[in-house]
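What follows is a set of notes on a single structure, which appears directly below.
The values are calculated or read from the model by the stated rules, or taken from the named source; none is laboratory data. Predicted, not measured: the structure shown is a model, and the values here were computed from it. Note that we place each Cβ from the backbone using ideal geometry, even for glycine, and neighbour counts take in every protein chain shown. The accessibility values were calculated without ligands, DNA or RNA, using every heavy atom of the protein model including side chains. Shrake-Rupley method; radii C 1.70, N 1.55, O 1.52, S 1.80 Å.
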Amino acid sequence: MGRCAGLVAMFALAVTVAIAADWPGYLGPTHDAVSSETGLARSWPETGPPVLWSFPLDRGYGGAAVSAGRVYVMGREDRKKDVLHCLDLATGEELWSYAYDAPGRLSHPGGRSVPAVDGNRIYIAGPFGHLHCLSLETHRPLWSLNYWTQFGGGRLPMWALSQNPLVYGDMVIVAPQTRQAAVAAFDKMTGAVRWTSDPLPSRTGYVSPCVVTLAGEAHLVMISAGPSRRDLWGRRGNRGGGGRPAGAAAPAGQNEKRAAPAVKGLVIGLDPADGSLLWSYDGWQCQTPVPNVTEIGGNRLFITGGYKAGSVAIQVEKGDDGYTVTEVFRTDGFGSHVHPPVLCDGHLYGQCTTNTGRMDGLMCMDLDGNIKWKTGKKPFFDKGGMLLADGMIIALAGANGDLYLIEPSPEAFKPLATAEVLGTSQCWAPPALSDGRLLVRDQKQLVCVGLK
């Protein structure tokens with residue numbers, strides 16, 4: 001399935017609300033890291049593309065959203081508060097901010113999520129389970145809740161909650177993954193619960209729910225975590241481990257030895273109207289899943305992760321008796337740890353490191369699971385975000401903050417331009433592109449780069 005040719009026309013059909021230049025939430029307007037923008041430069045001067053402005057931030061991994069010339073990004077202050085910053089896209093000037101109390105420690109400090117803009121409202125999710133709906137007119141909350149505690153969540157997962165809120169129709173959707181609810185949908189106007197899906201026999205992972213089209217119908221797809229090493233060693237399944245709100249105690253018996261629980265990671269498809277289960281697949285297990293699924297055409301979904309989980313493609317078909325799931329191919333050679341790969345002209349491109357010592361760098365693979373090339377350590381790509389725009393892959397090397405323009409090709413790695421933009425490590429936030437301005441983040445700042 002090609003995604004480069006005819007991209008502008010496809011985008012126009014898919015996006016009916018967002019302004020073309022907007023990047024209103026996680027992975028952009030169509031939730032697949034694809035932009036309709038054209039007129040981008042295909043080369044840069046020796047000094048690199050112009051840095052238009054930078055804005056200081058505390059440590060964090062959440063990327064920016066852009067709507068109507070405003071940039072929205074989450075920060076965290078002094079282990080006490082989560083903060084939404086609103087900036088002017090043209091100048092980087094802070095226009096307003098909103099902070100709420102969220103005391104506590106985090107493994108890898110900082111926010112993890114991308115805000116979601118919908119009309120005159122914005123939805124933000126914090127690492128301790130807070131979900132807020134703010135008015136973009138008054139800059140004040142219209143409603144607030146905690147989806148973790150509301151559905152019986154105990155100790156937080158190791159890397160805290162990393163949900164990117166999904167606005168779908170008249171709902172905003174997150175995945176608590178507690179023993180009471182796997183996925184929860186709230187009325188986007190009031191915060192009232194619209195539906196919850198049944199809990200899963202899984203640990204809490206870090207994947208955000210997404211909506212895909214299968215057999216001509218909308219399916220809400222979620223991926224949960226498989227067994228951890230602790231599960232396999234026969235200790236209590238760890239539904240948390242590294243983050244804890246201030247004053248919260250570990251559940252009784254947290255450290256007691258006992259028989260390993262029946263933990264199993266699942267990929268599930270839900271009816272987004274009511275949360276009912278349409279299908280499930282348990283053939284892929286990852287102890288720490290992060291990327292959501294990628295649609296690859298033909299009712300097929302691509303699933304990938306780190307920690308030696310590899311990748312798998314499945315096909316979901318509708319029959320008289322419901323849906324069937326068939327495994328199309330499996331590979332241990334391709335595994336994107338943090339971000340879903342981008343799809344272009346029948347090939348997937350992803351930054352593949354497993355977080356277990358394997359360093360394959362940027363990789364290209366066809367839709368039959370055949371690896372076409374990989375960069376390895378030269379140049380080295382690790383956990384950085386990417387997007388597709390104007391027939392080019394724009395990729396940030398997560399290990400050092402270098403920015404690349406890349407011509408998508410199954411023949412070889414074909415860089416068009418490269419520049420040191422951030423010059424730091426752990427540049428893992430997903431990038432955003434709006435009106436020729438690229439927004440990238442490291443552990444100290446948000447930087448706006450001009451690409452026209």
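Any chance you could run the full-extension gain for Thr30 through Gln315? It's 0.36 nm times the residue separation minus the Cα-Cα distance, nm to one decimal.
This chain segment gains 100.5 nm when fully extended.
Calculate, for Ser107 and Lys81, the FRET efficiency according to 1/(1 + (r/R0)^6) with r their C-beta to C-beta distance and R0 25 Å; round to the nearest 0.05.
0.85
Evaluate Rg over Rh across the chain, taking Cα atoms for both radii and Kirkwood's formula for Rh.
We get a ratio of 0.94 for the chain.
Order 25-34, 312-321 from most to least packed using the mean count of other Cβ atoms within 10 Å.
Put in order of decreasing packing, that is 25-34, 312-321.
Extending each Cα 7 Å along its Cβ direction at Trp373 and Glu137, get the distance between those two points in nm, one decimal.
In this crude spin-label approximation the distance works out to 5.3 nm.
Find the eigenvalues of the gyration tensor of the Cα atoms of segment 275-395, then list the square roots of 5 times those eigenvalues as equivalent ellipsoid semi-axes, largest first, in whole angstrom.
Semi-axis lengths for segment 275-395 are 26, 16, 12 Å.
With only alpha-carbon atoms in the gyration tensor, what are the semi-axes of the equivalent ellipsoid for segment 45-138, in Å, largest first?
After diagonalising the Cα gyration tensor, the semi-axes are 23, 18, 11 Å.
Name the residue from Met386, Asn400, Ile371 whose Cα lies farthest towards the positive end of the charge dipole of segment 365-412, charges +1 on Cβ of Lys and Arg and -1 on Cβ of Asp and Glu.
Going by the Cα projections, it comes out as Asn400.
Which peptide among 396-402, 386-392, 327-333 comes first, and what is the full order, when sorted by highest mean count of other Cβ atoms within 10 Å?
396-402, 386-392, 327-333
Taking the solvent-accessible surface of protein heavy atoms with a 1.4 Å probe, what is the per residue accessible area of the chain in Å²?
Spelled out: the 1.4 Å probe surface of the chain, per residue, equals 39 Å².
Please report the carbon-and-sulfur percent of the accessible area for segment 103-222; probe 1.4 Å, protein heavy atoms only, DNA, RNA and ligands left out.
Result for segment 103-222: 50 percent of the exposed heavy-atom area is carbon or sulfur.
Which entries of Lys383/Lys414; Lys264/Lys383; Lys188/Lys444; Lys80/Lys308; Lys81/Lys188 have Cα-Cα distances beyond 27 Å here?
Cα-Cα > 27 Å for Lys188/Lys444; Lys80/Lys308; rest within.
Quick one: which of 95-107, 116-128 comes out on top by average Cβ neighbours within 10 Å, and what's the full order, highest first?
Averaged packing, sorted descending, gives the order 116-128, 95-107.
Would you compute, from DSSP H runs of 4+ residues alone, the mean residue ellipticity of the chain at 222 nm, taking -39500 (n - 2.57) per run and dividing by the full residue count, rounded to the nearest 500?
For the chain, the value works out to -500 deg cm²/dmol.
Keeping every protein chain in place, order Glu295, Glu37 by accessible area at 1.4 Å, biggest value first, i.e. largest first.
The ordering from most to least exposed comes out as Glu295, Glu37.
Quickly work out the Met359-to-Asp198 label distance, labels modelled 7 Å from Cα along the C-beta direction, and quote it in nm with one decimal.
Rounded to a tenth, the inter-label distance reads 4.5 nm.
Would you calculate the separation in nanometres between label points at Ala218 and Tyr100, each defined as 7 Å from the Cα along the Cα-to-beta-carbon direction?
2.4
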